[in-house]
Amino acid sequence: MASPFDRAAIGRLELANRIVRSATWEGMCDEKGAPREGLASLYESLAEGGVGLVVTGYAFVHEGGMQLPNGLGMHSDALIAPFKELTGRVHAKGGRIVAQLFHGGGQANRKSSGLSPIAPSAVSLPQYPEVPVEMTREDIRHLVASFGRAAGRAKNAGFDGVQLHGAHGYLISQFLSPQANRRIDEYGGAIVNRLRFMAEVARAVRSEVGGEYPVWVKLNGDDFLPGGYSLEDAVEAARTLEREGIDAIEVSGGTPASGERTPARAGIDSTEKEAYHRGLARAVKRAVGIPVGLVGGLRSPSVIEDIHRAGDADFFSMARPLIREPGLVKRWASGDRSRAACISCNGCFSAGLKEGGIRCVAARG
Ligand SMILES: Cc1cc2nc3c(=O)[nH]c(=O)nc-3n(C[C@H](O)[C@H](O)[C@H](O)COP(=O)(O)O)c2cc1C
């Protein structure tokens, strides 16, 4: 059997291996979402460091969706040229890069956007900075179209594909959640209705980028919230995405409100704690025929190989280990197969809020 570190096709993407840099907000753009020099250098170092694919940090499709400061923007045609330069630099290093598209919904932050957050319903949730305004049908139509246009810009800017952020309690994930989505129209209630916004976004994106362009989705397998979106919902969502022509699904879990089961769990200090969404990925993979990836706590090549051998996932994504060691995949390939040096302390988030963006605060020197 081929190794996860061998060349592979994931959907329509030919990659050097099955290791993906999962979307990681970097805080390395200007306030309008245009990349600063540091971002291109970071992506170059990841491509040189051996990952098969880089997924960018979340890029807002509309200003009202901004959350953490200095993230990427894909809301304006003015950004096509600077991103074209950036993708050219990654390609020159032999890398592949996909743009993650998102809207923060109720988790959007007025401090970044200057606008009131909007969401499927005006519910107060612990992870929301303020009670969001309930979206009208017109808002829904407008944002579906915004996702489509943003995907078109990413394609024009030379990205190898787009990934829709349908996880972690942001707008698409809020529509999926019976806790965040209390609508009584055709976008709320039964799972078939809660899936409607995501399906419309997928369709708008497809119609904008054409049938051949890679479109991936990051999807929670479970929100880990009482009365919230569950694995059963996720399986339905994955089947819908396959029907809508999505190329691959990356399975994550949790929202900022999920306590110890947030998407980026702390203290992954043993192989037993690694791959904490493996069961969710396995269940999603059993339900669909398209490639399914796994993110969350991957730290050891032996664990990755074991999951691959068992057929529980087709690609393997990491975020924090690659902040500390952008050359991790190359290190493993060179024979040093010791686990990632990342200690999962999440200090990289707060470092990202300072000038210069994310960095590992635990690494010496
Ligand atoms: C600093 C930081 C920023 C992140 N930004 C994003 C993001 O923009 N989009 C996203 O889908 N996930 C984001 N995540 C979550 C990661 O993609 C990933 O799901 C999570 O960190 C678990 O993987 P890991 O254990 O390999 O870090 C971020 C994580 C970190 C640590």
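The values are calculated or read from the model by the stated rules, or taken from the named source; none is laboratory data. Bear in mind the structure is a predicted one, so any value in this text is a computation, not a measurement. Cβ sites come from the backbone with ideal geometry, for glycine too, and all protein chains shown count toward neighbours. To get the accessible areas, we keep the full protein, side chains included, count just its heavy atoms, and leave off ligands, DNA and RNA. Shrake-Rupley method; radii C 1.70, N 1.55, O 1.52, S 1.80 Å.
Quick one: is Arg359 at negative phi, open to solvent by 20 Å² or more (accessible area, probe 1.4 Å) and under 20 Å from the mean Cα position of the chain (by Cα)? Steps first, please.
Values: at negative phi: yes; open to solvent by 20 Å² or more (accessible area, probe 1.4 Å): yes; under 20 Å from the mean Cα position of the chain (by Cα): yes.
Criteria met by Arg359.
Among the residues of segment 25-49, those that are within 16 Å of the ligand (Cβ to nearest atom), open to solvent by less than 20 Å² (accessible area, probe 1.4 Å) and closer than 17 Å to Gly95 by Cα comprise Leu39, Tyr43, Leu46, Gly49. Within segment 11-34, residues that are within 14 Å of Pro326 (Cα to Cα) have Cβ atoms under 8 Å from residues that are open to solvent by 10 Å² or more (accessible area, probe 1.4 Å) and away from the ligand (no atom under 16 Å from the Cβ) in these pairs: Ile19/Phe5, counting only partners at least 6 apart in sequence or on another chain.
I'm checking my understanding of the structure. Among residues of segment 111-161 that are basic (Lys, Arg) and at pLDDT 95 or above, which one is surrounded by the fewest Cβ atoms within 10 Å (Cβ to Cβ)? Before you say what the answer is, go through the steps one by one.
To start, the set of residues in segment 111-161 that are basic (Lys, Arg) comprises 111, 137, 141, 149, 153, 155.
Right, trim to at pLDDT 95 or above and you get 137, 141, 149, 153, 155.
Numbers: Arg137: 10, Arg141: 13, Arg149: 18, Arg153: 24, Lys155: 21.
Once the filter is applied, the top-ranked residue is Arg137.
Restricting segment 191-201 to residues that are touching a residue at least 12 places away in the same chain (Cβ under 8 Å) and touching a Lys or Arg at 6+ places or on another chain (Cβ under 9 Å) leaves a set whose member that is most open to solvent (accessible area, probe 1.4 Å) is Glu200. Residue-level check: of (1) open to solvent by 40 Å² or more (accessible area, probe 1.4 Å); (2) aliphatic (A, V, I, L, M); (3) in a helix (DSSP H, G or I), Ile343 misses just (3). Total residues in segment 68-90 satisfying the condition of being within 15 Å of the ligand (Cβ to nearest atom) and on the phi < 0 side of the Ramachandran plot: the figure is 6.
Residues that are assigned to a loop (DSSP other than H, G, I, E, B), of a type in the set (D, E, K, R), more than 13 Å from the ligand (Cβ to nearest atom) and more than 13 Å from Ala281 (Cα to Cα) within segment 296-340 comprise Asp336, Arg337, listed in sequence order. Would you confirm whether or not segment 248-261 contains a residue that is in contact with an Asp or Glu (Cβ under 8 Å, 6 or more places away or on another chain), within 15 Å of the ligand (Cβ to nearest atom), of a type outside the set (Lys, Arg) and in a helix (DSSP H, G or I)? There is no residue in segment 248-261 that is in contact with an Asp or Glu (Cβ under 8 Å, 6 or more places away or on another chain), within 15 Å of the ligand (Cβ to nearest atom), of a type outside the set (Lys, Arg) and in a helix (DSSP H, G or I). Scanning segment 19-36 for residues that are assigned to a loop (DSSP other than H, G, I, E, B) and not aromatic (Phe, Trp, Tyr) yields Ser22, Ala23, Thr24, Glu26, Gly27, Met28, Asp30, Glu31, Lys32, Gly33, Ala34, Arg36. Note on segment 306-318: residues that are among the aliphatic types (A, V, I, L, M) and surrounded by 24 or more Cβ atoms within 10 Å (Cβ to Cβ) amount to 2. The residues in segment 267-290 that are open to solvent by 70 Å² or more (accessible area, probe 1.4 Å) and within 14 Å of the ligand (Cβ to nearest atom) can be counted, and the count is 2. When Gly293 is tested against (1) touching a residue at least 60 places away in the same chain (Cβ under 8 Å); (2) open to solvent by 20 Å² or more (accessible area, probe 1.4 Å); (3) touching a Phe, Trp or Tyr at 6+ places or on another chain (Cβ under 8 Å), exactly one condition is not met: (2).
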